[in-house]
Amino acid sequence: MSGRFSGRVCVVTGAARGIGLAITERLGSEGAHLACVDVSAHRLGPAVEELQAKGFQARAYTADVGKRTEVHSAFEAIQRDFASPIASLINNAVFARFQPLDQIDAETAEKMLGVGLLGLIWTTQAAVPQMVQRGGGSIVNLSSIAAEHPTKDAIAYAAVKAGVVGLTRASAVELCAHNIRVNAIAPGMIGTPASIAQYDDTTIAKRRVEMPMGRFGEPEEIAALAAFLASDEASYVQGASVTADGGWTVPSR
């Protein structure tokens, strides 16, 4: 296989399912060597076996991105296993719970912040030395339209995703001198099983009516955008947060 990522080592976190799995498949179809990171070994193993069955160069790395030591160990193993430094990092891993303010508990909040925000700090910290070694690289962080357009019971989630945007911009400024680009994607409602399961049928029907395009997005559509931002074709895109929500937030911008 050849393509924009031919022979390049690309790391995707939260790679076992949903948007993360779609991103690995897209990058793999364009020749990437896939380092698939996820906290769930029982989901990650079959996902990577499926990628390998399609002819992709893929390896599984079980790690909790909210834990710095696990992240650094995994990234060291990635460089050793592929005998090449990381070229692209896609930060997709997330832990989400939607709760009203008076029901947010410490354990849930700490896990959301650990995976969704600290996790990006640890993965970026671990990936950057390898990218510097190869002369540059690209990082794509998954945020959400909730960062600027939160819905009910999304206080903690919106805070985390707004933090992702701030981290993306600050990282872009700091890492630009090393030829490392950092950008974010802010998806709207994407039709993954995990996303759909958060809403009842009435809410889902209402959301579809509210969307100018009349439908939810597909994981493959976010994967296509992630591949573009990670590729050399986006060479002049730095510190951006690109919205992909089917036009849902256009009236309120």
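If you go through the range 207-216 one residue at a time, do you hit one that is closer than 30 Å to Gly135 by Cα, among the acidic types (Asp, Glu) and not in a loop (DSSP other than H, G, I, E, B)? Break it down stepwise before answering.
First, pick out the residues of the range 207-216 that are closer than 30 Å to Gly135 by Cα: none.
No: the range 207-216 contains no residue that is closer than 30 Å to Gly135 by Cα, among the acidic types (Asp, Glu) and not in a loop (DSSP other than H, G, I, E, B).
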Going through the range 158-174 one residue at a time, which ones are open to solvent by less than 50 Å² (accessible area, probe 1.4 Å) and more than 30 Å from Glu76 (Cβ to Cβ)?
Ala158, Ala162
Per the filter on the range 197-248, residues open to solvent by less than 60 Å² (accessible area, probe 1.4 Å) and either charged (D, E, K, R) or in contact with a His (Cβ under 6 Å, 6 or more places away or on another chain) (or both) are Arg207, Asp245
Against the condition at pLDDT 95 or above, surrounded by fewer than 21 Cβ atoms within 10 Å (Cβ to Cβ) and out of contact with any His (no Cβ under 6 Å at 6 or more places or on another chain), how does Thr13 come out, does it pass?
no
Evaluation of Val39 against (1) within 25 Å of Asp153 (Cβ to Cβ); (2) touching a helix residue (DSSP H, G or I) at 6+ places or on another chain (Cβ under 7 Å); (3) open to solvent by 40 Å² or more (accessible area, probe 1.4 Å); (4) at pLDDT 95 or above (one fails), failing number:
(2)
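Being hydroxyl-bearing (Ser, Thr, Tyr), in a helix (DSSP H, G or I) and under 24 Å from Phe228 (Cβ atoms) is the filter here, so list the residues in the range 112-158 that pass it. Give the steps one after another, and end with the answer.
Taking the range 112-158 and keeping what is hydroxyl-bearing (Ser, Thr, Tyr), we get 123-124, 138, 143-144, 151, 157.
Filter once more, so that each one left must be in a helix (DSSP H, G or I): 123-124, 157.
Hits for the range 112-158 are Thr123, Thr124.
Got at least one residue in the range 25-35 being hydroxyl-bearing (Ser, Thr, Tyr), over 28 Å from Val165 (Cβ atoms) and open to solvent by 50 Å² or more (accessible area, probe 1.4 Å)? Before the answer, list the steps.
The initial filter retains those residues of the range 25-35 that are hydroxyl-bearing (Ser, Thr, Tyr), namely 29.
Of the ones still in play, those that are also over 28 Å from Val165 (Cβ atoms) are 29.
This time we only want the ones that are open to solvent by 50 Å² or more (accessible area, probe 1.4 Å), so: 29.
Yes; the residues of the range 25-35 include at least one that is hydroxyl-bearing (Ser, Thr, Tyr), over 28 Å from Val165 (Cβ atoms) and open to solvent by 50 Å² or more (accessible area, probe 1.4 Å).
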Is one or more of the residues making up the range 138-157 of a type in the set (A, V, I, L, M, F, W, C), open to solvent by less than 50 Å² (accessible area, probe 1.4 Å), more than 15 Å from the chain's Cα centre (by Cα) and under 25 Å from Ala63 (Cα atoms)?
yes
Return the pairs, sorted by first residue and then second, in which the second residue is open to solvent by less than 10 Å² (accessible area, probe 1.4 Å), the first residue lies in the range 133-157 and is acidic (Asp, Glu), the beta carbons are less than 8 Å apart, and the residues are 6+ apart or on different chains.
Glu148/Ala186; Glu148/Thr249
Identify all residues within the range 76-97 that are touching a helix residue (DSSP H, G or I) at 6+ places or on another chain (Cβ under 7 Å), buried (at least 22 other Cβ atoms within 10 Å of the Cβ) and among the aliphatic types (A, V, I, L, M); write none if there are none.
Ile86, Ala87, Leu89, Ile90, Ala93, Val94
May I ask you to say which residue of Arg80, Arg97, Arg59 is more than 20 Å from the chain's Cα centre (by Cα) and either modelled with pLDDT under 95 or not polar (S, T, N, Q) (or both)?
Arg80
Please give the number of the condition Ala194 fails out of (1) in a helix (DSSP H, G or I); (2) without any contact (Cβ under 8 Å) to a residue 12 or more places away in the chain; (3) under 23 Å from Arg97 (Cα atoms); (4) open to solvent by 50 Å² or more (accessible area, probe 1.4 Å).
(2)
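The values are calculated or read from the model by the stated rules, or taken from the named source; none is laboratory data. Predicted model, so just to flag it, every value in this text is computed and none were measured. So basically every Cβ, Gly included, is an ideal-geometry build from the backbone, and we count neighbours across all protein chains shown. What goes into the accessible areas is simple: the full protein's heavy atoms, side chains included, and nothing from ligands, DNA or RNA. Shrake-Rupley method; radii C 1.70, N 1.55, O 1.52, S 1.80 Å.
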